[in-house]
Amino acid sequence: MLTRSIIELHGTTGLQVGDELLRQARHFYKRDWLPFWQVIAVETTQEVPLNLPRSWRFIPLGDSLDRAYERREQFDIPEAMKQLPKEAWQDLRDGAGKMPAASAVAYAVHRRTLENCRQQAWHYLQDQQQLFYDWQAWASSDQPILSNDSPLVILAGATGGGTGPAGILNGVRFWIQHQDRPRILVFAIGPHCGQGVGRVEFANAARLMASLTQISATSPQLWVFWVDGQPRQRDFLLREAASLIFALIGRPEGSEMRRLLHDGFSKARRQFNGCICRADFARLRIADNLRRQAAEDLLLEALEEIERGEHHESN
Amino acid sequence: MKAIERILDEQLSDSCIAKALRNANGDREDAVDSLVQQCRQELYRSRESQLDNEEQFLRSQLTRMPFADRIAALREREKKLQNYADQVGESLDTQSDAINETEQEYTFYAALATGNSEYRDLLRGILHRLIRLRVRQALTPDLVDIYREAAHRVEALRRQAEGDWQVYLQLVNGLRMRVNSRPCDPQALVVEYPPAPKRSARNLVREILRRYLHRPVGDLSRESPDSLIERIVGDCLSYLPPAPTLAEAVSQQTLRSFLLGLPLTHGVDPGEQPRLEPPLVFIEAPAGLPPLEVNGVQPAVWEQPPNAPLVARVFKFIPLQGIEDLDEWLEADQAMCEKYGGSVLHSAEPHLVEEQNRFLQRIIELVQGGADDGVHLDKAAVTRV
């Protein structure tokens, strides 16, 4: 059962989750990407990555905000952002430098582009006729069916970075106010397994989590999943976060998982008036490439034996 | 290079010399010249084929030898040929002496034989020997050239063998590095594999390896060590049985340890844990595993195909103050506020910062009210922002 979804990937970590999703989708469905999962990727950079599927929308936010600072009054952004010190108006061509306020300004400046993208993606997912055509073009008899459930909105990014928190909150605020009130799933990753770990990341995470908890108190459609661990577990956690997203939107057990999670979030919200869900993962599997490893081990053993024999003989 | 000697022996047999003398009407010099020319032509004609034969013979012998021995054998052969060429080249003086001695001997017996048929055969024999020596002396540079060429070919062969040896060493080192640099994956269960008795698997791999290593000299160095490893491993893989599924390979004890070690409380502040609902545990389990029980928590289990991994996802619903180490985050938040003189540049919603501050203040009070002695936050610093 496939669930229609909009997936927003914010910042480097978000894009890495996207990479993993792409890999898993290719593995499961032998296709580059499915149109029923609309992807919007946002990064504070000027460069557009070349390896993204064509159907993904990529929005680069690599503005030189430092140059725009003098004419900030002309921008249609919240007044409080215009009052931010000049440090927040920084050059974003090479990233936001772990400063969410700077990213937030860029998101605000590009509000219309982002909103148009989101609306287009949403309209596509509501367009039954277009979906039917695309489904027919893709599906074969052994493919799972497309669920009638309302589309999900999934937001992924790092808690400790600059673009991740700004993108997640920008997306949450937009979708919370959306007239169709879609279910919003946030995957907030870090700060302990972020690309950097330190005081700045912890401070960013504290502010992001505070905002998300506050919003979740009044918005039952928001589910916040907090994925964290040790720095050396980063790859594993990114993979598992993607795997969870994929299970929720692309696998048969996804709808039952969502039902159980719904019960969990409801209970916790009643108890705490706003909550987040810490997600942890464990996996036990036969080692990857077990056969290959065995072949390599046996081969090395044989070669070393020959080497020893030759050494012995040549002596 | 015995074949070369054989050719000369044939060309300088008594009958050939007698024929040459007859054709030259008994003129010794003419006979020598014609024999030199004839031998040179024959050497030139068979030179390439003899050298090729020699090389092929060496190659076939080398294929049966181990790599290190190949180089040693070729080096020895090369040295032998060079020595021989040197010896032949340096033997011109000795040959001249022998010619002079034979010439004197011939003159002596020729004087004795005048009018005496008794010495005719002896004299003929000496004459043939003399002609043979003269022809061989004239052909010495040709022979030296052939031996040097043979040595040169062996040297080229040795270089190929050394190239093979280098590739072989790189193969061993590359494979060793590959094996030693395998990432350590705690989620991966490494089981005893292949299931067949180890000796037969070893023999199988050795047999495959032999096919690659006992190839003609120079073949190994035509490929890069990496592609060689890939090819040999690929061949080995085609003979290894399929990897076992998790259900086949996992022991009860491993399964039990895995379930007991599930992260049921990770990331949650210990003070908050008693207040929380039991975590939700979702398990994807390959078919064939025994029933799964998670430390008092009833998991939701989805059965997967037998070759799937065992995946557990644990969900804990916590309030903000339930985050483990939240005090560290809040202290960092406070420090960042101080750094920018109250400007909360680490907030992604700087326009809503007052509301955030009020909320965080409430959280700090909750954390401190929770009697966690580890939390020492300066509340004033947060409210000041």
Point to revise | Residues located in region B:209-234, provided they are surrounded by fewer than 18 Cβ atoms within 10 Å (Cβ to Cβ), in contact with a Lys or Arg (Cβ under 9 Å, 6 or more places away or on another chain) and without any contact (Cβ under 8 Å) to a residue 40 or more places away in the chain | key: B:TYR212
Review point. Has region B:160-169 got at least one residue that is closer than 30 Å to A:ASP288 by Cβ and either out of contact with any helix residue (DSSP H, G or I) (no Cβ under 9 Å at 6 or more places or on another chain) or buried (at least 16 other Cβ atoms within 10 Å of the Cβ) (or both)?
Key: yes
Review point. Residues of region B:60-79 being within 14 Å of chain A (Cβ to nearest Cβ), in contact (Cβ under 8 Å) with a residue 60 or more places away in the chain and surrounded by 15 or more Cβ atoms within 10 Å (Cβ to Cβ), which ones?
Key: B:LEU62, B:PHE67, B:ALA68, B:ARG70, B:ILE71, B:LEU74, B:ARG75
Review point. Touching a residue at least 40 places away in the same chain (Cβ under 8 Å), at the interface with chain B (Cβ under 7 Å from one of its Cβ atoms), outside any helix (DSSP H, G or I) and more than 18 Å from the chain's Cα centre (by Cα) - does that describe any residue in region A:282-289?
Key: yes
**Study point:** Conditions (1) without any contact (Cβ under 8 Å) to a residue 12 or more places away in the chain; (2) surrounded by 12 or more Cβ atoms within 10 Å (Cβ to Cβ); number of the one not met by B:PHE57
**Key:** (2)
Review point. Hey, any hits in region B:126-147 for a residue that's out of contact with any Cys (no Cβ under 6 Å at 6 or more places or on another chain), over 28 Å from B:GLN37 (Cα atoms) and among the acidic types (Asp, Glu)?
Key: no
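Looking at B:ALA31, is it in contact (Cβ under 8 Å) with a residue 12 or more places away in the chain, surrounded by 12 or more Cβ atoms within 10 Å (Cβ to Cβ) and more than 25 Å from B:ASP145 (Cβ to Cβ)? Lay out the reasoning, then the answer.
Values: in contact (Cβ under 8 Å) with a residue 12 or more places away in the chain: yes; surrounded by 12 or more Cβ atoms within 10 Å (Cβ to Cβ): yes; more than 25 Å from B:ASP145 (Cβ to Cβ): no.
No, not satisfied.
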Practice item. Report, by residue number, each residue of region B:170-199 that is more than 8 Å from chain A (Cβ to nearest Cβ), surrounded by fewer than 14 Cβ atoms within 10 Å (Cβ to Cβ) and modelled with pLDDT under 80. Key: B:PRO183, B:CYS184, B:PRO186, B:GLU192, B:ALA196, B:PRO197, B:LYS198, B:ARG199
Exercise for review: Scan region B:283-339 residue by residue and report those that are at the interface with chain A (Cβ under 7 Å from one of its Cβ atoms), farther than 20 Å from A:MET209 by Cβ and out of contact with any Lys or Arg (no Cβ under 6 Å at 6 or more places or on another chain).
Suggested key: B:ALA300, B:TRP302, B:LEU310, B:ALA312, B:ARG313
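Looking at the structure I just gave you, is B:GLU48 out of contact with any Cys (no Cβ under 7 Å at 6 or more places or on another chain), more than 16 Å from B:LEU143 (Cβ to Cβ), of a type outside the set (Val, Ile, Thr) and exposed (fewer than 13 other Cβ atoms within 10 Å of the Cβ)?
Details: out of contact with any Cys (no Cβ under 7 Å at 6 or more places or on another chain): yes; more than 16 Å from B:LEU143 (Cβ to Cβ): no; of a type outside the set (Val, Ile, Thr): yes; exposed (fewer than 13 other Cβ atoms within 10 Å of the Cβ): yes.
Spelling it out, it is not the case that B:GLU48 is out of contact with any Cys (no Cβ under 7 Å at 6 or more places or on another chain), more than 16 Å from B:LEU143 (Cβ to Cβ), of a type outside the set (Val, Ile, Thr) and exposed (fewer than 13 other Cβ atoms within 10 Å of the Cβ).
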Check your understanding: Do we have A:PRO252 as over 23 Å from A:ALA166 (Cα atoms), within 10 Å of another protein chain (Cβ to nearest Cβ), in a loop (DSSP other than H, G, I, E, B) and of a type outside the set (Gly, Ala, Ser) here?
Key -> yes
Exercise for review: Considering each residue of region A:227-238, count those that are within 10 Å of chain B (Cβ to nearest Cβ) and either within 23 Å of B:PHE317 (Cβ to Cβ) or crowded, with 17+ Cβ neighbours inside 10 Å (or both), and give that number.
Suggested key: 5
Review point. Can you tell which of A:GLU70, A:GLU115 is over 25 Å from the mean Cα position of the chain (by Cα) and either of a type in the set (D, E, K, R) or at the interface with chain B (Cβ under 10 Å from one of its Cβ atoms) (or both)?
Key: A:GLU70
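Quick check on this structure: which one of B:LEU326, B:LEU264, B:LEU246, B:LEU280 is touching a strand residue (DSSP E or B) at 6+ places or on another chain (Cβ under 7 Å), touching a residue at least 40 places away in the same chain (Cβ under 8 Å) and buried (at least 21 other Cβ atoms within 10 Å of the Cβ)? Lay out the reasoning, then the answer.
Values: B:LEU326 fails: touching a strand residue (DSSP E or B) at 6+ places or on another chain (Cβ under 7 Å); B:LEU264 fails: buried (at least 21 other Cβ atoms within 10 Å of the Cβ); B:LEU280 fails: touching a residue at least 40 places away in the same chain (Cβ under 8 Å).
Only one candidate qualifies: B:LEU246.
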Practice item. Could you list all residues from region A:76-95 that are more than 10 Å from chain B (Cβ to nearest Cβ), in contact with a helix residue (DSSP H, G or I) (Cβ under 6 Å, 6 or more places away or on another chain) and surrounded by 14 or more Cβ atoms within 10 Å (Cβ to Cβ)? Key: A:TRP89, A:ASP91, A:LEU92
Review point. Given the conditions (1) crowded, with 24+ Cβ neighbours inside 10 Å; (2) over 28 Å from A:GLY274 (Cα atoms), and given that B:VAL311 satisfies all but one, which numbered condition is not satisfied?
Key: (1)
Check your understanding: Which residues, counting only those in region A:187-207, are under 17 Å from A:GLY95 (Cβ atoms), at the interface with another protein chain (Cβ under 10 Å from one of its Cβ atoms) and either within 18 Å of the chain's Cα centre (by Cα) or of a type in the set (Phe, Trp, Tyr) (or both)?
Key -> A:PRO191, A:GLU201, A:ASN204
Practice item. Would you check which residues across region A:1-28 are of a type in the set (A, V, I, L, M, F, W, C), out of contact with any Pro (no Cβ under 8 Å at 6 or more places or on another chain) and either part of a helix (DSSP H, G or I) or farther than 23 Å from A:PHE236 by Cβ (or both) and list them? Key: A:VAL17, A:LEU21, A:ALA25, A:PHE28
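Right, B:ARG22: basic (Lys, Arg) and over 27 Å from the mean Cα position of the chain (by Cα) or not? Explain how you work it out, then say what you get.
Values: basic (Lys, Arg): yes; over 27 Å from the mean Cα position of the chain (by Cα): yes.
Yes, satisfied.
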Point to revise | Residues of region A:255-277 satisfying the condition of being surrounded by fewer than 19 Cβ atoms within 10 Å (Cβ to Cβ) and either among the polar types (S, T, N, Q) or at the interface with another protein chain (Cβ under 8 Å from one of its Cβ atoms) (or both) | key: A:SER255, A:GLU256, A:LEU260, A:SER266, A:LYS267, A:GLN271, A:ASN273
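Out of A:ALA247, A:ALA294, I need the residue that is within 30 Å of B:ARG210 (Cα to Cα), out of contact with any strand residue (DSSP E or B) (no Cβ under 6 Å at 6 or more places or on another chain) and within 9 Å of chain B (Cβ to nearest Cβ). Which one?
Working: A:ALA247 fails: within 30 Å of B:ARG210 (Cα to Cα).
Answer to the check: A:ALA294.
Could you check region A:29-147 for helices (runs of 4 or more DSSP H) lying wholly inside it with 3 or more residues that are out of contact with any strand residue (DSSP E or B) (no Cβ under 7 Å at 6 or more places or on another chain) and over 19 Å from A:GLN16 (Cα atoms)? Before you say what the answer is, go through the steps one by one.
Details: elements: A:65-68, A:79-82, A:100-109, A:111-126, A:128-138.
In region A:29-147, the matching helices (runs of 4 or more DSSP H) lie at A:79-82, A:100-109, A:111-126, A:128-138.
The values are calculated or read from the model by the stated rules, or taken from the named source; none is laboratory data. Because the structure is a prediction, the values reported are computed rather than measured. Cβ atoms come from the backbone with ideal geometry, glycine included; neighbour counts cover every protein chain shown.
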